[in-house]
Amino acid sequence: MLDPELLAAAERVVAANLKAGRSVAVAESCTGGLVSAALTSVPGSSAMFDRGFVTYSNEAKRELLGVGLDILETFGAVSVATAWAMAQGALERSRADIAVSITGIAGPAGGTPEKPVGTVVFARALRGAPEREPVADRRDFGDVGRVAVRRQAALVALSLLMPEGGGATATEGAQGVPAP
């Protein structure tokens, strides 16, 4: 059912986090639960996967993750600020040791000149880490189609869940833009 590369990445994440004794939470918007589905497809994932939040709408981001209306109105749903607030909210509302968030524009519509279709923003929050040190990244995958954007975004999110800090290794054709 899942793409073999996505499933293989999820298997690596589950094994590495089990070995590290770490639990995981995810906050997904444009991937619509794809990262959660990949992780829970792996036998034994229940020992490390705490929960997933699918917060597709701004209202869901606010209600389930506590993303402030001021953040959404000032920076928009697809922004480093929103991704960081989503990751922090997932961490605060779970028992996980690490949380990753994904928010973006999968297309075919919804893009703007500043945030074209294929723009996805990620953030990672670690329990106990200073809140003023966000780990966030913007990727521009291009207008490669909804399925391809969601797949690439899920692969990047999975790489960010690796205990060694990960790194967005599955971003062929993408350009990373450092967080401000």
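Listing for the model above:
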item: In nm, spacing of pseudo-spin labels at residue 46 and residue 19 (7 Å Cα→C-beta vector); result: 2.4
item: Cα gyration tensor of the stretch 14-118 - equivalent ellipsoid semi-axes, whole Å, descending; result: 26, 15, 10
item: Segment residue 57-residue 147, extension gain: residue separation times 0.36 nm, minus the distance between their alpha carbons; result: 30.5 nm
item: Accessible area (Å², per residue) of the chain, counting only protein heavy atoms and a probe of 1.4 Å; result: 47
item: Once the Cα gyration tensor of the stretch 43-98 is diagonalised, semi-axes √(5λ) in Å; result: 24, 10, 9
item: Inter-centroid distance (Cα atoms) of the stretch 100-167 relative to the stretch 23-37, Å; result: 11
item: Positive-pole candidate from 108, 27, 162, dipole of the chain, charges at beta carbon; result: 162
item: Solvent-accessible area, 1.4 Å probe, carbon plus sulfur percent, for the chain; result: 54
item: Extension gain from residue 129 to residue 7, taking 0.36 nm per residue of separation minus the Cα-Cα distance; result: 41.0 nm
item: Estimated 222 nm signal from helices in the chain, with DSSP H stretches of n ≥ 4 weighted -39500 (n - 2.57), rounded to 500; result: -11500 deg cm²/dmol
item: Dipole magnitude of the stretch 59-145 about its Cα centre (Cβ charges: Lys, Arg +1; Asp, Glu -1), debye to nearest 20; result: 240
item: Taking N as its residue count, the alpha carbon Rg of the chain over 2.2 N^0.38 Å; result: 0.93
item: Debye, to nearest 20: dipole size of the chain, +1 on Lys, Arg Cβ, -1 on Asp, Glu Cβ; result: 300
item: Among 40, 149, 99 - extreme Cα towards positive end, dipole of the chain, charges at beta-carbon; result: 40
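The values are calculated or read from the model by the stated rules, or taken from the named source; none is laboratory data. Since the structure is predicted, the reported quantities are computational estimates derived from the model, not experimental observations. FYI the Cβ positions are ideal-geometry reconstructions off the backbone, even for glycines, and counts take in every protein chain you see. Note: areas computed on protein heavy atoms with side chains; ligands, DNA, RNA excluded. Shrake-Rupley method; radii C 1.70, N 1.55, O 1.52, S 1.80 Å.
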